[in-house]
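Scroll down for the structure; my scribbles are underneath it.
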Amino acid sequence: MNARMLPLIATVVIFLAAYAVCFIQFPAILSTRVVGNLLTDNAFLGIAAVGMTFVILSGGIDLSIGSVIAFSGVFIAVMLRDTGLHPIPVFVLLLVITTLFGACMGATINFLEMPPFIVTLAGMFLARGMAYVLSIDAVPIDHDFFDVLKDAYWLMPGKGRLTFIGGLMLLVFLAGIVLAHRTRFGTNVYALGGGAATASLMGVPVARTTIAIYALSGFLAGLSGIVFATYTSAGYSLATVGVELDAIAAVVIGGTLLTGGSGFVAGTLVGVLIMGLIQTYIVFDGTLSSWWTKIVIGFLLFAFILLQKGLVLVSTRERGTADRPGRGS
Amino acid sequence: MNGAARFARRIAPQLAILAAILVLISIVFPGFFEVRIANGRLYGSPIDILNRGAPVALLAIGMTLVIATRGIDLSVGAVMAICGATAAWGSTEGYALPATLALSIAAGLACGLWNGFLVAVLRIQPIVATLILMVAGRGIAQLITEGAILTFNQEGLIFIGSGSILTVPTPVIIWMIAGLLFTLVVRWTALGMLIEAIGVNLRASTLAGVNSRVLLIAVYMASGLCASFAGIIAAADIRGADANNAGLWLELDAILAVVIGGTSLLGGRFSILASLIGALIIQAMNTGILLSGFPPEFNLIIKALIVLTILVLQSPATRTAAIFFRRQPGTDPADTRTVTP
């Protein structure tokens, strides 16, 4: 068995074990209704987390996605309110804007040689500020097309509803898996995460890949904003504060190494589901406060980082290069 | 003499930016520099900037040291919430003021110890290591306050937030003394130099005999200590501990203050004074935007533009270009980094 698979397997085992514990206490949690809701409620987080997975795989970080999601919601709501445009051209325009926004951050990171942390921090301020400028109040979205999107679902056996946005999240994960593991771009991302200097010597187009990674993250944050707007039927500039942290946590819990170069997009899906499951459990229980979510997620983060540290240590010992930080490959 | 001149040149850009912002505000809002004494306390917009800027200034002191070691502490906002909650809890449980403060400071030091342990002993990247406490910290603070906003009425504790000593508001005195003490400790001893050495090259300084492990833990504990001061002030200011909102996103402001202060996120040379000026710049901007009647929505955009400008100025790529253009006959070819005899 490949040591690289171990974090992913650990994630899946933890998810199944947690689900089993929940099932023993509340048998109803296994119904497709709960599963459907789990997918619907976490759709926007999942889509944004796919973008975050690519960014983290490349050894970067993107703090701007929460703000970009909020900006997207406000942008859609304001455009629908103030212009007579149909939602579809608005969506296209929004995705172009957020993709360009991400590409600009990628270009800044690459050409100014600055840490992604501070560049995307500026992006976070900028996107949130733009959302404020568009509207500081919550703007309701009232359009037939949104009702269609919201009510579209496929009835699963057991009367569970796989909604459009839940299905969209699964599709995005599928596309992300293909992109990461079956395309040249994906290979370049992994190579970049293993070390920019090495990647460049190997002939990886570092500049193009870096820009494309952040553009992808911007695109998915925009898509996540569309999903969030559909989910809440409103645009609000104070919404989705701190979603970037949830996304980072989901990626880490999903077994991706935060130093980059190792991990799986599929793991992120399980990470998102684990976080959703904790919330579902708290709702089912009814007596626990929601802040337990934060503590449990913090603990899981810690446990997974320790696990990864241990694996990296073991794999470097095996190769006899005890001092060099290994990438677990 | 030479050292003083170099130091003046180091903080000149920050002072210039601060002066420019203050002049801009006073143009838009003519009564800006008026300071008066009422009820034995100084009042006025400049005092307000010093007073409101206290939490970020305090956080920036600890953050400067952490960033100088090439680290980052994302948890300070959450640690503020924990320490504020601890202080409020101690006060409502009827502990005396010294005991309450000691408890709260101990909580801050413990948080710093945890972060330092993760970074120095387990060798986890600082962003990730402190992210854990950033996510879990507010939950822990909620545990202490039991989900409610814990209010208190202890005179001594409230004095820390809204009292004044010799007409100067207490928070201002606290951050100034903290800044002075930290500067003295790191600059009168070799500590500052050792911290910079760790930031430049952890391995090399370890091989050179620097006890990097202990020093890293100490630096994160210093950050926790500063966060506990800031948390106590924030809680005392509103006479209650709000686990959800105390210190929310202040870690970003503190990092911004350090970056504006010219300390590189890549570690190495640092200046606590410059970071404090950076904190004042941020607060002056916030106050200025409010005073001038400019829509507060633009606050974040202006902040983002300032960060971007500083990024461009600090970028290694720009520095290379600057050196290239400066290499002309008759000018000083020395890079700012090389030591001129």
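Since every read-out is calculated from the coordinates, none of them should be taken as a lab result. Predicted, not measured: the structure shown is a model, and the values here were computed from it. Here the Cβ is made from the backbone with ideal geometry for all residues, glycine too, and neighbour counts use every protein chain on show.
For chain B, a Gaussian network of Cα nodes joined below 10 Å ranks B:324, B:32, B:270 by mean-square fluctuation, and the top entry is B:324.
Partners of residue A:309 within straight-line reach, counting lysines whose Cα lies under 23 Å from its Cα and excluding those fewer than 8 residues away in the same chain: A:294.
By DSSP, the beta bridges lying fully in chain B are antiparallel in about 90 percent of cases. Applying 1/(1 + (r/R0)^6) with r as the Cβ-Cβ distance of residue A:138 and residue B:312 and R0 = 35 angstrom yields a FRET efficiency of 0.50. By counting other Cβ atoms within 10 Å of each Cβ, how are A:258, A:134 ranked from fewest to most? Sorted ascending by nearby Cβ count, the order is A:134, A:258.
Nearest 20 debye, what's the magnitude of the dipole of region A:3-319 about its Cα centre given +1 on Lys and Arg Cβ and -1 on Asp and Glu Cβ? Present the calculation step by step, with values, prior to reporting the outcome.
Numbers: 14 positive and 13 negative charges, 176 e Å.
Once rounded to the nearest 20, the dipole reads 840 debye.
Using 5 Å bins from zero, what percent of all Cα-Cα pairs in region B:21-136 falls into each bin? Per 5 Å bin, starting at 0, the Cα pair percentages come out as 2, 10, 14, 15, 13, 13, 12, 10, 7, 3, 1.
In whole angstrom, chain B maps to an equivalent ellipsoid with semi-axes of 33, 27, 18, each derived as √(5λ) from the alpha carbon gyration tensor and ordered largest first.
Using a Förster radius of 25 Å, what is the FRET efficiency between residue B:36 and residue B:292 based on their Cβ-Cβ separation? Nearest 0.05, please. Mind showing how you got there, number by number?
Working: r = 21 Å, r/R0 = 0.83.
Approximately 0.75, to the nearest 0.05.
Computed from backbone phi with θ = phi - 60° and the Karplus coefficients 6.51, -1.76 and 1.60, the 3J(HN,Hα) list for region A:201-215 is 5, 6, x, 6, x, 4, 4, 4, 5, 4, 4, 5, 4, 6, 5 Hz; x is used for glycine and proline. Between the C-alpha center of region B:175-247 and that of region A:100-116 there is a gap of 30 Å. Remark: A:120, A:198 ranked as A:198, A:120, counting other beta-carbon atoms within 10 Å and listing the fewest first. On the basis of the beta-carbon distance and an R0 of 51 Å, residue B:187 and residue A:183 show a calculated FRET efficiency of 0.45. Using just its DSSP H runs of length 4 or more, each adding -39500 (n - 2.57), chain B gives a mean residue ellipticity at 222 nm of -23000 deg cm²/dmol after division by all residues.
Would you kindly state how much longer the chain becomes between residue B:207 and residue B:305 on full extension, computed as 0.36 nm times their sequence separation minus their alpha carbon distance, in nm to one decimal?
Length difference between fully extended and current span is 31.2 nm.
On a per residue basis, the convex hull of the C-alpha atoms belonging to the protein assembly as shown measures out at 188 Å³.
For the pair residue A:202 and residue A:30, the difference between a 0.36 nm per residue extended length and the Cα-Cα distance amounts to 57.1 nm.
Model label points for residue A:299 and residue B:43, set 7 angstrom from Cα along the Cα-to-Cβ axis, are 5.1 nm apart. Neighbour counts of other Cβ atoms within 10 Å put B:43, A:281 in the fewest-to-most order B:43, A:281. The label point for residue B:166 and the one for residue B:248, both projected 7 Å from the Cα toward the Cβ, are 3.8 nm apart. The GNM of chain A, with springs linking C-alpha atoms under 10 angstrom apart, assigns the highest mean-square fluctuation among A:76, A:88, A:305 to A:88. Entry for chain A at q = 0.15 Å⁻¹: log10 I(q)/I(0) = -1.26, Debye formula applied to identical alpha-carbon scatterers, no solvent contribution.
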